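One structure below.
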Amino acid sequence: MKKLYYIPPLFLQTLIWIPARLILIFFVGLKVNGLENLKGLEKGVIFASNHANALDPILLPASLPWFSKLMPMFYTSRENAFYKRKWMKIFFSSGLLFKAWGSYAVEIGIHNYEESLKPHIKILNDKHSLFIFPEGETTKDGDFKEAKGGVAFLAHKTNLPVVPVGINSTYKISWENFFLRKRKIVLNIGKPMYLKDIFDDKKEITIDDYKSGANKIMDEIKELYKETSQ
């Protein structure tokens with residue numbers, strides 16, 4: 001991964017920020033809470049959120065201030081072959097647009113966090129922001145799933161904070177819902193979680209600790225989701 005890899009997502013995300021923000025406010029009444037929780041954070045943050053719709057990755061960068069020091073936003077994604085079975089295959093099958101936007105695939109099935117998350121570790125070590133969905137997939141029924149350990153591993157490996165995010169009202173949102181303004185989307189940003197919050201000051205971290213730590217993060221996301229539902 002070359003050192004200038006951050007330029008395309010920085011350019012694209014900065015370019016579309018104004019139209020994306022205006023469109024989201026007009027059509028879904030986007031409301032953002034908790035931006036004050038990001039004050040004082042240095043570059044290099046792991047954002048973790050529930051995932052119900054392909055719209056979710058756009059919501060977070062559009063919710064941060066324009067030219068925020070926490071931009072550009074990078075993402076974890078599935079391998080390219082996964083998307084060839086879906087409507088976005090025309091755009092994403094080569095992986096070029098994914099990387100231009102800042103999305104790098106997680107290597108699935110090798111059962112090794114270090115290897116499967118190699119590009120994401122570099123992104124965080126280079127002090128860029130990463131947006132990850134701990135459940136590893138979009139919800140099929142609107143309910144939360146058990147979190148995978150990757151998000152806790154990344155926090156441990158890089159010693160960077162995790163900011164939980166709760167996104168409400170994107171589950172099964174249709175184009176009709178969107179353009180007829182039938183949904184109101186609320187995004188709640190929580191307080192940063194540090195290693196002591198995730199692992200309870202444990203000295204030796206195991207695979208099981210990664211899983212339990214990820215579910216602690218997921219519990220915070222659930223609470224933020226409930227707040228957006230009120």
Where a ≥ b ≥ c are root eigenvalues of the Cα gyration tensor, a/c under 1.5 meaning rounded, otherwise prolate if a/b exceeds b/c and oblate otherwise, the stretch 29-79 counts as oblate
Once 110, 205 are ranked on solvent-accessible area with the largest value leading and a 1.4 Å probe, the list reads 110, 205
Along the stretch 191-200, Karplus-curve 3J(HN,Hα) (6.51, -1.76, 1.60; θ = phi - 60°) to the nearest Hz, with x for Gly and Pro, reads 6, x, 10, 9, 3, 5, 6, 8, 10, 6
Note to self: Kirkwood Rh of the stretch 127-230, Cα pairs, one decimal, Å, is 14.8
Rounded to the nearest 5, the percent of DSSP beta bridges in the chain running antiparallel is 25
accessible surface per residue for the stretch 102-160, probe 1.4 Å, DNA/RNA/ligands not counted, whole Å² -> 46
Per its Cα gyration tensor (rounded if a/c is under 1.5, else prolate when a/b beats b/c, else oblate), the chain is best filed as rounded
For the stretch 111-157, the Cα convex hull volume per residue in Å³ comes to 82
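Relative contact order (percent) for the stretch 110-164, with alpha-carbon contacts under 8 angstrom and 6 or more residues of separation?
32
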Relative contact order as a percentage, the chain, C-alpha pairs under 8 Å and 6+ apart, gives 28
Dividing the helical contributions, -39500 (n - 2.57) per DSSP H run of n ≥ 4, by the residues of the chain yields a 222 nm value, nearest 500 deg cm²/dmol, of -12000 deg cm²/dmol
Carbon/sulfur accessible area of the chain, % of total, 1.4 Å probe, equals 58
Expressed in nanometres to one decimal, the distance between label points 7 Å along Cα→Cβ at residue 114 and residue 66 is 4.5
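The values are calculated or read from the model by the stated rules, or taken from the named source; none is laboratory data. A quick note: this is a predicted structure, and the numbers were derived from the prediction, not measured. For neighbour counting, all protein chains shown are included, and Cβ atoms are generated from backbone atoms with ideal geometry for every residue, glycine included. SASA here: full protein model, heavy atoms, side chains in, ligands and nucleic acids out. Shrake-Rupley method; radii C 1.70, N 1.55, O 1.52, S 1.80 Å.
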